[in-house]
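Reviewing the structure listed below.
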Amino acid sequence: MDSIEKKILELNRLQDIQQRSHWMNNLHPLGKLLISVIYIFLVTSIDKYDIVTLILMSVYVIFTFIIGELSVKEGIYRMRLILPLVLFVGIFNPFFDKSSVMVAGFAVRGGIVSMLTLVIKGLYTVFAVYALIATTSIDDICYALRSIKVPKIIVIVIMLIYRYIDVMAGEADRIYTAYRLRAPGQKGIEYRSWGTLVGQWLLRSMDKAQIVYESMLLRGFRGDFIPKKKGVKKLDVIYPLVWATVLLLIRFHAFGA
């Protein structure tokens, strides 16, 4: 399958997951956003040698993926561009950190432990972000951002970038398909055609974006994101409070560590 078409199908698949009739999808977006931010902050603040606490922090990720019926394999695949960066950053730790630390009664080189904690932190944050976007639509995320007074220009840019990615991907797929039909025996795009095709892609995307923008104006868009107010249920309050309490207890060793 063509890579552009594959990316479009991936985006559509993610949107289908966001629109599921699942109780986690129906939670108030502000609570999910706050607990995700708290979790990422707590995970990244753990000491580089405190691997035990870090392992205990996996309870949130495990819960969201199992109860939320999310695929770990799909989560790793969608975040595949970020994970190599995390591995690259941590791979040099064993060479620079030659100290010795005790882990479960055994003396282990500090560089190896710090490398493992860095990689695990990266995995946790990536999975937490994926769990958020897989159970929350872009409109709900923007609603939550505006609820905590994030500047409207930032929210609008996030929303429009998400909207126009689909537009630009669709135009790129059409142009590439037309090129392949005119050069059926050629592998890829000839480099002399790159400039022309990219120019056409930009112009066609701008035309389509203008149509989208005019449609937004006809629907009442006036430069700000004004979503419908969402009702708050008991579960919308209980869910983030319970998880914030559990994560804080784990982070600060309140379970007897």
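Going by alpha carbons, how many degrees (0 to 90, nearest 10) lie between the helix axis of 3-18 and the longest principal axis of the chain? Value to nearest ten degrees: 60. Put simply, when 19-29, 77-87 are sorted by average Cβ atoms within 10 angstrom per residue, most first, you get 19-29, 77-87. When Cα extents along the principal axes in Å is calculated for this entry, the matching label among [x] 53, 44, 38; [y] 67, 49, 31; [z] 56, 36, 33 is [y].
With all protein chains present, how much of the accessible area of the chain (probe radius 1.4 Å) comes from carbon and sulfur, to the nearest whole percent? That share works out to 68 percent. The helix-based estimate of mean residue ellipticity at 222 nm for the chain, built from -39,500 (n - 2.57) per DSSP H run of four or more residues and divided by its residue count, is -22500 deg cm²/dmol to the nearest 500. With angles folded into 0 to 90 degrees, how steeply does helix 110-135 sit against the dominant principal axis of the chain? Use alpha carbons for both and round to 10. Relative to the chain, helix 110-135 is tipped by roughly 50 degrees. Each of residue 209 and residue 133 was given a label point 7 Å from its Cα along the Cα-to-Cβ line. The distance between the two points is 1.9 nm.
Angle of helix 152-182 to the longest C-alpha principal axis of the chain, folded into 0 to 90 degrees and rounded to 10: 60°.
For chymotrypsin sites (Phe, Trp or Tyr not before Pro), no site in the range 112-200 is both called loop by DSSP and has at most 16 other Cβ atoms within 10 Å. Compared with the direct C-alpha span, the chain from residue 193 to residue 87 gains 34.5 nm at full extension, assuming 0.36 nm per residue.
In the context of the full set of protein chains, the chain has a per residue accessible area of 61 Å² (1.4 Å probe).
The values are calculated or read from the model by the stated rules, or taken from the named source; none is laboratory data. Bear in mind the structure is a predicted one, so any value in this text is a computation, not a measurement. Note: ideal-geometry Cβ built from the backbone for every residue, glycine included; neighbour counts use all protein chains shown. SASA here: full protein model, heavy atoms, side chains in, ligands and nucleic acids out. Shrake-Rupley method; radii C 1.70, N 1.55, O 1.52, S 1.80 Å.
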